[in-house]
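Bear in mind that the values in this text are calculations on the coordinates, not laboratory data. Since we're looking at a predicted model, the values are computed, not measured. In this analysis, Cβ positions are derived from the backbone assuming ideal geometry, glycine residues included, and neighbour counts consider all displayed protein chains.
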Amino acid sequence: MPDITFITADGTAHGFEAPPGVSLMQAATGFGVPGILADCGGSASCGTCHVIVDAAWADRLPAPEPIERMVLETTAVPATPTSRLACQVRLTDALQGLVLHLPERQV
Ligand code: FES
């Protein structure tokens with residue numbers, strides 16, 4: 001199972017193992033990471049699962065689909081070039097060690 005780490009806006013790291021196939025949103029909410037609201041349940045419509053992929057990992061994730069890019073334009077904290085919707089990225093073994101940062105707020 002890949003290790004992933006979410007770093008909240010206050011710098012607290014939340015690291016754990018999660019099974020391949022789950023979305024980053026499912027992994028984060030399942031492990032109680034604070035700061036992921038996921039109001040729409042993962043349908044890429046609310047933008048409250050905004051995460052910022054660590055620069056070291058930015059090129060290793062598949063590119064976002066157009067709907068994800070559109071929702072990223074509506075996030076509470078403006079998206080960065082490495083921002084993603086956590087519900088739209090599935091964990092794979094290739095993402096072993098993935099590091100994500102959380103924005104200061106989701107709404
Ligand atoms: S959970 Fe709503 S956009 Fe990801």
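Within the set of other residues whose C-beta is less than 14 Å from the C-beta of Val33, count the net charge using Lys and Arg as +1 and Asp and Glu as -1.
After counting each charged neighbour, the total is -3.
By how many nm would the segment from Glu17 to Asp93 lengthen if fully extended, with 0.36 nm per residue of separation less the alpha-carbon distance? Please list the in-between numbers first.
Working: separation 76, 0.36 × 76 = 27.36 nm, distance 1.09 nm.
Gain on extension, Glu17 to Asp93, equals 26.3 nm.
Counting just the Cα atoms, what span does region 18-77 cover along each of its three principal axes? Round to the nearest Å and put the largest first.
27, 27, 20
Are there chymotrypsin sites (Phe, Trp or Tyr not before Pro) in region 1-99 that DSSP marks as loop and that have at most 16 other Cβ atoms within 10 Å, and which are they?
Those that pass, being in a loop and sparsely packed, are Phe31.
Can you list the residues of region 1-25 with backbone N under 12 Å from a point 7 Å past the Cα of Arg60, pointing along Cα to Cβ?
In region 1-25, the label zone of Arg60 (backbone N under 12 Å from the point 7 Å along Cα→Cβ) covers 2-5.
I want the local charge near Thr5. Using Cβ-Cβ distances under 12 Å, sum +1 for each Lys or Arg and -1 for each Asp or Glu among the other residues. Mind dumping the intermediate values first?
On the way: positive: none; negative: Asp3, Glu17, Asp54.
Neighbour charge sum, excluding Thr5 itself: -3.
Run the Debye formula on the Cα coordinates of the chain, all scatterers equal and no solvent, and tell me log10 I(q)/I(0) at q = 0.23 1/Å.
-1.37
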